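Engineer: Take a look at the following structure, please.
The values are calculated or read from the model by the stated rules, or taken from the named source; none is laboratory data. Nothing here was measured: the structure is a model prediction, and the numbers come from that model. Methodologically, a virtual Cβ is constructed for each residue, glycine included, from the backbone with ideal geometry; neighbour enumeration extends over all protein chains shown.
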Amino acid sequence: MGKFRNEESLGKRLLEIKEQLETKKEERQELQGELKSLMKQLKELGIDDVAQAEKEIKTNEVLLNEMEDTINNDIEELEELINDDD
């Protein structure tokens, strides 16, 4: 009777593993679909791979920071002009 329980336990464990494997396969397919969609969006922006996207992000961050500095300087100048008129 002990052997039967071991076989039953092993059978349950194998079914659990099979279910986990199926779940992982489904998750993998979903992730591959998302990746394909993201890569398509990058292609529409003229970007061919992730490395190029990362480079583009860094470049845009630098430009954004420069623009932000310019705007802040312009605001300070305007505030000074306004305060000088008072």
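Engineer: With (1) assigned to a loop (DSSP other than H, G, I, E, B); (2) surrounded by 10 or more Cβ atoms within 10 Å (Cβ to Cβ) as the list, and GLU76 as the residue in question, which single condition is left unmet?
Structural biologist: Checking GLU76 against (1) assigned to a loop (DSSP other than H, G, I, E, B); (2) surrounded by 10 or more Cβ atoms within 10 Å (Cβ to Cβ), the one that fails is (1).
Engineer: A follow-up question, please. Residues of the range 36-51 being surrounded by 12 or more Cβ atoms within 10 Å (Cβ to Cβ) and part of a loop (DSSP other than H, G, I, E, B), which ones?
Structural biologist: Matches in the range 36-51: ILE47 only.
Engineer: Being at pLDDT below 95 and in a helix (DSSP H, G or I) is true for just one of LEU63, LEU31, LEU10, LEU21. Which residue is that?
Structural biologist: After ruling out the rest, the residue left standing is LEU10.
Engineer: Checking GLU54 against (1) more than 28 Å from the chain's Cα centre (by Cα); (2) surrounded by 10 or more Cβ atoms within 10 Å (Cβ to Cβ), which test does it fail?
Structural biologist: The single condition GLU54 does not satisfy is (1).
Engineer: Output the number of residues of the range 58-86 satisfying the condition of being under 26 Å from ILE47 (Cβ atoms) and either touching an Asp or Glu at 6+ places or on another chain (Cβ under 9 Å) or β-branched (Val, Ile, Thr) (or both).
Structural biologist: 2
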